[in-house]
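Accompanying notes for the structure given below.
The values are calculated or read from the model by the stated rules, or taken from the named source; none is laboratory data. Everything numeric here is computed off the predicted structure, so don't read it as measured data. Backbone-built Cβ (ideal geometry, glycine too); neighbour counts: all protein chains shown. Only protein heavy atoms, including side chains, enter the accessible area calculation; ligands, DNA and RNA are left aside. Shrake-Rupley method; radii C 1.70, N 1.55, O 1.52, S 1.80 Å.
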Amino acid sequence: MAEQPITPPLSEDPTVRLEELRGEAERAIEAAARAEDLEEARVRYLGRKAELTAVLRSIGQLPADRRGPVGKAANAVRVALEARLSERSSALEAAALEARLGGDRIDVTLPGDPPRPTGHLHLVTQTRREIEDVFVGLGFSVVEGPEVELDYYNFTALNMPPAHPARTLHDTFYLSDEIVLRTHTSPMQVRAMEAQAPPIYIVVPGRVYRRDSDATHTPMFHQIEGLAVDEDITLADLQGVLLEFARAVFGPEREIRLRSGYFPFTEPSVEVDVSCFACAGTGALADGRRDPLCKGSGWIEILGAGMVDPNVFGFVEERGYDPERVQGFAFGLGIDRIAMLKYGVPDLRLMFEGDVRFLEQFGAGA
Amino acid sequence: MRVPVSWLRTYCDPALSTAEIAEQLAASGTEAERIERLGVGSTDAFVVGKVIAVERHPNADRLSVCEVEDGSGAPRTIVCGAPNVAAGQTVAVARPGAVMPGGQELGEATLRGVSSSGMILAEDEVGIGEDHEGIMVLDDALKAGEPLAAHLPIVDDVLDLEVEPNRPDCLAVYGVARELHAATGAPLADDPTASDASPSGSDRAEDHASLEIVHPEICLRFTARVFEDVRVGPSPHWLKARLTAAGQRPISNVVDITNYLMLATGQPLHAFDLDAVRGRRIVVRRAQEGEGMTTLDGVERSLDPEMALVCDAEGPSGIAGVMGGQVSEVSDSTSRVLMEAATWVGPNILGSSTRLGLRSEASARFEKQLHPDEALAAQRLASKLMVELCGARMVPGTLDAYPRPASPRTVRLRLERLRSLLGAEIPDDEVRGVLERLGFGVSVDGSSAQDLEVTVPSFRDADVRREVDLIEEVARVHGLARLPTTLPARRRAVGRLTGAQRLRRRAEDALRDRGLTEIVAYSFTAPETIARLRLTGDGLLALTNPLSESQRVMRPLLLPGLLDAASRNAAHGRAAVALFESAHVYGARPPDGTANGSPAAERHHLGALATDSLGGSWRSDPAPADFYAMRGLLEGVMQAAGLDWRAEPVDAGDRPFLHPGRAASIVAGERTIGWLGEIHPLVTREWEVGPCAGFELDVEALAEVAAGTSKTYRTVSTFPAVLQDIAVVVPEDVSAARVEEAVRAGAGVTLRSTELFDVYRGEQLGEGSKSLAMRLEFRAPDRTLTDEDVAALRERIESQLEEVGGRLRA
């Protein structure tokens, strides 16, 4: 559209003409489909040579009594048109952006940036922490002790003096006549009682060592010891604590069973079985086959335990452990064994080979 | 301990299956590792038969054709290869259809043209002995057609019991029967050792042999009896069957009697050929230094003075309690027997057998301490069998050296104590009943009805010494299944992890969250491995009895386990791995150190190793597993620990397994708590892995340093920060830490943080210089900093930088 010179028809009422102009201009702004059209409308209606501009410029020539109303009306039209223009301009810009973005397509099926990959805690660590947390919840503290241990704590103070027949059950690594690699976590019983007067509620996780090597025995493995000594701890309390443990680790439906056992440092001593979680204690799998996990018995042996032998208290009597005044229980369980049971690991040696194809199977761990 | 169930049932026979018996025993503490089924597949079709006629086989010299009456009507024809078959014999017959021990079914057969309907049995064919020389000849009183199983244990279950070391009484079939009696209440047969044989003759045992204990501290009791007119020969079928099922090979009646007694009562015996006992004299003494002898198994043994010997007038004839010698062994020509039943000192026997590396059925029992009464008890049953099975004459009298006779032990049991320890109410009469079934004598203590006076039987003497031992007896037999389930009424006990334990978990989690996988490696390693790390091996802890040379020393650092794992994964095709381990390391204890009560220097370390590269994807390159990659991981750990730290160059030769130019000590709280760096190429070559880097941190030290720092509130300034980027040109050998130190020294407290964001080297700088670009954040707590303030700070920074040979780049 070519620009035409506009002569203000001053003979008419300029306010009428102003309304006409506003209508025309608004329609032109609405009709602008591109930024260029909009610019053309702006020049046409608000530009230097526009009729509205001429009206505004000629106000001074009007009779004094007309200047106010006409000037006001003209200005109002200008303000309104500018607002319309700006509004329309934003809308056109947004539309143009949308159109541009629409053309910018990527292959959404390509892989994303890999998340910073999470690693894995070892199965033994995962299991150890889980067990620790259960006992912490039951009011136990976690203490740790040396793996290179005195014969005294590993055997003698646990009621196994030299030449005690039970020593033959421990295939012991020696560093000297007096120093061994601990064969169990039990030496911390006496160490902990030396350090702390009763009551004492502790669990002791850690590495232990026996001179033995096959699919279910490695020269190094992991245990957790438990010890609770107070004025009135009973064998029935031991059963209660271990039932809570078994249910927390193996599932709320589990039951436990105590059988008589033998450990030189507990009396009475018990072996503890948990009802099998693979067959729910029935001994048979859903398809009727014998459950290989519990060998059809419905029970799995998980730990040894008992009431602390008075002879053990005898080694810490001056620390407040008078066997006539305090009593308590102790238990010891194999962390690796629990992990193998829970995850169906067939060979203990897999735990210690550092093969990531094994280590990555059990999630990140908590 | 293998317990044939048919034998067990002769002493105690509850109306229970074998599996139920095993369950009862397991609940009270004697667990069957497995139950083995012995003998024929089914007892059907095994009967007693009478041989009516025997004829030579027409086509085979060694075979006979027998007519056998087996109660089924007409006699059956059986072809038999045994040389001893004869008309008139009573024999064991398997009819066609019988299922043999191997599972195969016997059918009708034709042997060299004669059809044979069944089989006349030898011992080994039904698993009750090893004899295959001839058929079994049975007692003629048996009637044809009677089921064979009624007379011979041709089918049996064997409980393979795991007997606890405190229960030598259960290394005996009668002892197991007593347990079964106590658990089930089923009647217990009289003790088979209760009655004695009748001696005959007017001579005395002392007339035939003499006995002396030289060292009574190694022998509690030594008894011996003398038998004459002994006819050595095979044992009867029932005895062979029992021994075989229990895992002992039948040898001859005399030797079998000693083994039978051991299995029945738990007391080992030894039979001497009295005519081979030199000087007819038995001397019990310690071995002399340098003395040696040949044991029954033909092995020459060297002895030490702790070992007890049974000698004759001229020298050792047996290692006491462990194994006899060849000198006076019973043979087929023996006619006079000296039967020994002795009581040795348990720990002494255990020590001897351990040092000799020789554990026998006898030593396994003696080492658990038998009671002197058992010796004489065993002599009684052995004598009866010697008379009965060997036709022997028992010479009156017993040679009995018993220096310090033991008196029965009594132990007081407070019923209240029993209840408070078990947390269970057990009726008083049940307590008494359990103890009495187990063979204890119970009477009410005069002073209180709440206390029992309990007499311990000899066979439990070693094990039951205290009140608590009696409480265990009651608990296990009354039934642990009946125990209530309660929780401790806790007092003053709050459970939680310590700060150090939580810190360790955070540090481990920090590595896990950054993509590292935890390994658990063995605590021991090979001395050569330490050498491969270019370490000297000083101060290593070594095992005196390692399983293998590759596990001889305790590792002084975690790195070798991480390298082993990296190497193994590389061999599986995973060259790039990022691993960590959290575990103890070990060293010889420093002379003055008593660290954490360990007899060694033992610390908990956290070690990490990354090989090849980390990360990377289709749009980003992986980062090399180098010093800075590892340092970034370490920074993550230190942030998790909330600790300030710095890396310092290591002293030359200090960490020989690291690249000397790309190694640092980790310093926190002015303590060196670990190392960080790229692994020396000579080390990676040893492990056949690519370039790798790692760090190792003493987490106990980390926790100690962390425990010494505390966090307190600092005012958060409301005044704005001024950010300034500077570029510092310094000579190459000035470290970034040194530059930062200079900047901080110049800027003072208003410098709140610095961040190094670029390192530039280029021609404009000239050879030997580098430019470090840093972003500085200034903030004053009390006012807005002006341009003039910052300009003044810049000047002071510049003059500090000059001290280290640096300048600000325009």
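When B:Ala693, B:Ala703 are screened for being open to solvent by less than 20 Å² (accessible area, probe 1.4 Å), modelled with pLDDT under 95, assigned by TED's automatic domain parsing to the domain that holds B:His659 and not polar (S, T, N, Q), only B:Ala703 passes. Number of residues in the range B:161-196 that are in a loop (DSSP other than H, G, I, E, B) and within 28 Å of the chain's Cα centre (by Cα): the value is 7.
For the condition within 14 Å of another protein chain (Cβ to nearest Cβ) and open to solvent by less than 30 Å² (accessible area, probe 1.4 Å), B:Val456 does not qualify.
Picking from residues in the range A:341-363 that are assigned to a helix (DSSP H, G or I), under 23 Å from the mean Cα position of the chain (by Cα) and within 13 Å of chain B (Cβ to nearest Cβ), the one that is nearest to A:Gly251 (Cα to Cα) is A:Phe362.
Filtering the range A:85-125 to residues that are in contact (Cβ under 8 Å) with a residue 12 or more places away in the chain and more than 9 Å from chain B (Cβ to nearest Cβ) leaves A:Leu85, A:Arg88, A:Ser89, A:Leu92, A:Glu93, A:Ala96. Only helices (runs of 4 or more DSSP H) whose full extent lies in the range B:204-310 are considered here, and the ones with at least 1 residues that are assigned by TED's automatic domain parsing to the domain that holds B:Ser353 and in contact with a Cys (Cβ under 8 Å, 6 or more places away or on another chain) are B:253-265. Does B:Thr343 satisfy the criteria of being in the same structural domain as B:Glu228 (by TED's automatic domain parsing), within 26 Å of B:Cys170 (Cα to Cα) and without any contact (Cβ under 8 Å) to a residue 60 or more places away in the chain? No. Scanning the range A:139-148 for residues that are facing chain B (nearest Cβ under 7 Å), assigned to a loop (DSSP other than H, G, I, E, B) and either at pLDDT 95 or above or crowded, with 21+ Cβ neighbours inside 10 Å (or both) turns up A:Phe140, A:Pro146, A:Glu147. Residue count for the range B:739-784 satisfying the condition of being of a type outside the set (D, E, K, R), assigned to a strand (DSSP E or B) and either more than 16 Å from B:Arg809 (Cα to Cα) or open to solvent by less than 20 Å² (accessible area, probe 1.4 Å) (or both): 9.
Inspection of the range B:777-784 finds no residue satisfying the criterion of being closer than 27 Å to B:Val667 by Cβ and among the β-branched types (Val, Ile, Thr).
To keep it simple, each residue is scored yes or no on (1) touching a residue at least 60 places away in the same chain (Cβ under 8 Å); (2) at the interface with chain A (Cβ under 10 Å from one of its Cβ atoms); (3) under 19 Å from A:Glu144 (Cβ atoms); (4) of a type in the set (Phe, Trp, Tyr).
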position	(1), (2), (3), (4)
B:Glu528	no, no, no, no
B:Leu547	no, yes, no, no
B:Arg555	no, no, yes, no
B:Ala570	yes, no, no, no
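Considering the conditions (1) in contact with a Leu (Cβ under 6 Å, 6 or more places away or on another chain); (2) farther than 21 Å from B:Leu579 by Cβ; (3) surrounded by fewer than 19 Cβ atoms within 10 Å (Cβ to Cβ), B:Ala668 is excluded by exactly one of them, (3). Scanning the range B:357-377 for residues that are in a helix (DSSP H, G or I) and either open to solvent by less than 30 Å² (accessible area, probe 1.4 Å) or touching a Phe, Trp or Tyr at 6+ places or on another chain (Cβ under 7 Å) (or both) yields B:Ala362, B:Ser363, B:Ala364, B:Arg365, B:Phe366, B:Pro372, B:Glu374, B:Ala375, B:Ala377.
When B:Phe272 is tested against (1) crowded, with 23+ Cβ neighbours inside 10 Å; (2) closer than 23 Å to B:Ser6 by Cβ, exactly one condition is not met: (2). Taking the listed residues B:Leu634, B:Leu579, B:Leu609, the one that is in a helix (DSSP H, G or I) and buried (at least 18 other Cβ atoms within 10 Å of the Cβ) is B:Leu634, with no other qualifying. For the range B:675-689, state whether one or more residues are within 20 Å of B:Glu518 (Cβ to Cβ), assigned to a strand (DSSP E or B) and not aromatic (Phe, Trp, Tyr). Checking the range B:675-689: at least one residue is within 20 Å of B:Glu518 (Cβ to Cβ), assigned to a strand (DSSP E or B) and not aromatic (Phe, Trp, Tyr). Put simply, of B:Leu180, B:Leu188 the only residue that is farther than 28 Å from B:Pro305 by Cα and crowded, with 20+ Cβ neighbours inside 10 Å is B:Leu180.
Within the range A:149-163, the only residue that satisfies the criterion of being open to solvent by 70 Å² or more (accessible area, probe 1.4 Å) and more than 8 Å from chain B (Cβ to nearest Cβ) is A:Tyr152. Could you tell me whether the range B:494-508 includes any residue that is touching a strand residue (DSSP E or B) at 6+ places or on another chain (Cβ under 7 Å), farther than 26 Å from A:Arg128 by Cβ and more than 9 Å from chain A (Cβ to nearest Cβ)? No, the range B:494-508 has no match at all. Among the residues of the range A:314-340, those identified as open to solvent by less than 60 Å² (accessible area, probe 1.4 Å), in contact (Cβ under 8 Å) with a residue 24 or more places away in the chain and more than 24 Å from the chain's Cα centre (by Cα) are A:Val316, A:Gly320, A:Tyr321, A:Val326, A:Gln327, A:Gly328, A:Phe329, A:Ala330, A:Phe331, A:Gly332, A:Leu333, A:Gly334.
Listed by position, the strands (runs of 3 or more DSSP E) inside the range B:1-97 whose residues that are open to solvent by 50 Å² or more (accessible area, probe 1.4 Å) and not acidic (Asp, Glu) number at least 1 are B:2-4, B:31-39, B:46-56. Give me the residue from the range B:236-249 that is farther than 17 Å from B:Asp160 by Cβ and open to solvent by less than 10 Å² (accessible area, probe 1.4 Å) and, out of that set, farthest from the chain's Cα centre (by Cα). Among those residues, the one meeting the criterion is B:Leu239. Of the numbered criteria (1) touching a strand residue (DSSP E or B) at 6+ places or on another chain (Cβ under 7 Å); (2) buried (at least 23 other Cβ atoms within 10 Å of the Cβ), the one B:Ile257 fails is (1).
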